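Data block below; observations after.
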Amino acid sequence: MSSEIIEKIQALKQQRNAVILAHNYQPGEIQDIADYTGDSLGLSVQAAQTDADVIVFCGVLFMAETAAILSPEKTVLLPEIEAGCPMADMITAQQLKELKDEHPDALVICYVNSTAEVKALSDYCCTSGNALEPVQTLPKDREIIFVPDKNLGGFIIEQTGIEMILWPGYCSTHVRMQPEDVQAARAKYPDAKLLAHPECNPDVRVLADELLSTGGMLKFAKTSDMNEFIIATENGIIHSLKKQNPEKQFYSVTEKAICPNMKKISLEKVAWALEDMQYQITVPEPICTEARRSLDRMLAVIPK
Ligand code: 13P
Ligand code: SF4
């Protein structure tokens, strides 16, 4: 059955001149049919550079919106319109305007996990793959507001020593990982290296050997001479880690680390998306142009 759907997707993809982009948290079968699988930064680069006419974005709404802002002349399809990101919805444009009014001289950095409206009100945008760079280039005498993730923001403060005003947003999947889960995994796999995402709470971050974006974890696992890894991020990444490193072992910190929104995409929905050209994601002007400024600054910083 699934091979029939995959054939159908391949045929429709050719017919529409489409490219399939999938985030590392997508179900394994979606990662397997994608033309490119990666982290938010890598996917944004692909979306900006592709010469396909249609981008099928297997991820969540803010990612498809980012693709639409970076490639406004392309058709961007999100196979499931209900696939949102709770963290991105934790700050509205109105709330950010009010925060800026309280700090009129502050510069604003937003995590890419934010709405297009919030990006339009921000000076800089970053992903977890290049979170440390923007803050280090800003004038020392200006206040900095970071939205919406208090955990990624806390990680930036810990790493750079630069203070920021943090919005109290968080990822509802990453905060489910508890220090007890980490300690239990450490006890079970004493030789494993612990890789955690900076979206984890501080009491989990402090236990990690490395704090990395999902793309950073894939790179680290490939180049490391270690053979065992405990992974503290959404469990979908274990699929790519195992596929790229069949000789190494990867253990999830907890089975609870599932993002329900990332799992809303299925092969059937990808086929329907290409068949019916739905759901088209567009970002109206002037939000598109204003959000593009902060996204262009994000793409200007691609760590090696
Ligand atoms: P990265 O893949 O960019 O590390 O992002 C993690 C994430 O939570 C995306 O929603
Ligand atoms: Fe949003 Fe967290 Fe899911 Fe990423 S893993 S899409 S931040 S809820």
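The values are calculated or read from the model by the stated rules, or taken from the named source; none is laboratory data. If you're wondering where the values come from, they're calculated on a predicted model, not measured in any experiment. All Cβ positions, glycine included, derive from the backbone under ideal geometry; neighbour counts span all protein chains shown. With ligands, DNA and RNA removed, areas are computed over all heavy atoms of the protein, side chains included. Shrake-Rupley method; radii C 1.70, N 1.55, O 1.52, S 1.80 Å.
Observations, loosely collected:
- Spatial offset of the stretch 9-87 relative to the stretch 194-250 amounts to 23 Å, using the alpha carbon center of each.
- Gain in span if fully extended, residue 278 to residue 159, counting 0.36 nm per residue against the direct Cα distance: 38.7 nm
- Ordering of 44-53, 157-166, 229-238 by packing [mean C-beta count within 10 Å, highest first]: 229-238, 44-53, 157-166
- Residue 35-residue 140 FRET efficiency (beta carbon distance; Förster radius 41 Å; 0.05 resolution): 0.45
- Sum of side-chain charges, residue 193 neighbourhood, beta-carbon under 11 Å (Lys, Arg +1; Asp, Glu -1): -3
- Computed magnitude of the charge dipole of the chain (debye, nearest 20; Cβ of K, R +1, Cβ of D, E -1): 480 debye
- Spatially close Lys pairs in the stretch 215-267, defined by Cα atoms under 14 Å apart and a spacing of eight or more places or different chains, total 6.
- Among 266-277, 119-130, the order from most to least packed when residues are scored by Cβ within 10 Å on average: 119-130, 266-277
- In the context of the full set of protein chains, residues of the stretch 8-141 present 37 Å² of accessible surface per residue (probe radius 1.4 Å, heavy atoms only).
- Most mobile of 214, 115, 223 in a GNM of the chain (Cα contacts under 10 Å): 223
- Accessible solvent surface per residue of the stretch 211-304, calculated while the other protein chains remain in place, 1.4 angstrom probe, Å²: 49 Å²
- Summed over qualifying helices (DSSP H, 4 residues or more, each -39500 (n - 2.57)) and divided by its residue number, the chain shows a 222 nm mean residue ellipticity of -12000 deg cm²/dmol.
- Computed over neighbours whose Cβ is under 12 Å from that of residue 177, the net charge equals -3, Lys and Arg +1, Asp and Glu -1.
- Gained length - residue 81 relative to residue 11, 0.36 nm times residue gap less alpha-carbon distance: 22.9 nm
- Basic side chains Lys and Arg get +1 at the Cβ, acidic Asp and Glu get -1 at the Cβ, and with that the dipole of the stretch 166-211 about its Cα centre reaches some 60 debye.
- When a 1.4 Å probe is rolled over the protein heavy atoms, the share of accessible surface on the chain that falls to carbon and sulfur comes to 49 percent.
- Spin-label pair residue 293/residue 3, simplified geometry with 7 Å Cα→Cβ offset, distance in nm: 5.4 nm
- The overall shape of the chain, judged from the alpha-carbon gyration tensor, is oblate: a/c is not under 1.5, and a/b is no greater than b/c.
- Positive contributions from Lys and Arg (+1) and negative ones from Asp and Glu (-1), summed over other residues with Cβ under 10 Å from the Cβ of residue 92, come out at -2.
- 12 Å Cα-Cα reach of residue 119 towards aspartates and glutamates, excluding residues that sit fewer than 8 places from it in its own chain: 65, 290, 296
- When only the Cβ of Lys, Arg, Asp and Glu is charged (+1, +1, -1, -1), the dipole of the stretch 48-203 relative to its Cα centre reaches about 360 debye.
- Loop trypsin sites (Lys or Arg not before Pro), the stretch 129-170, which have at most 13 other Cβ atoms in a 10 Å radius of their Cβ (DSSP): 140, 142
- Order by protection proxy (mean Cβ within 10 Å, highest first), peptides 69-76, 94-101: 69-76, 94-101
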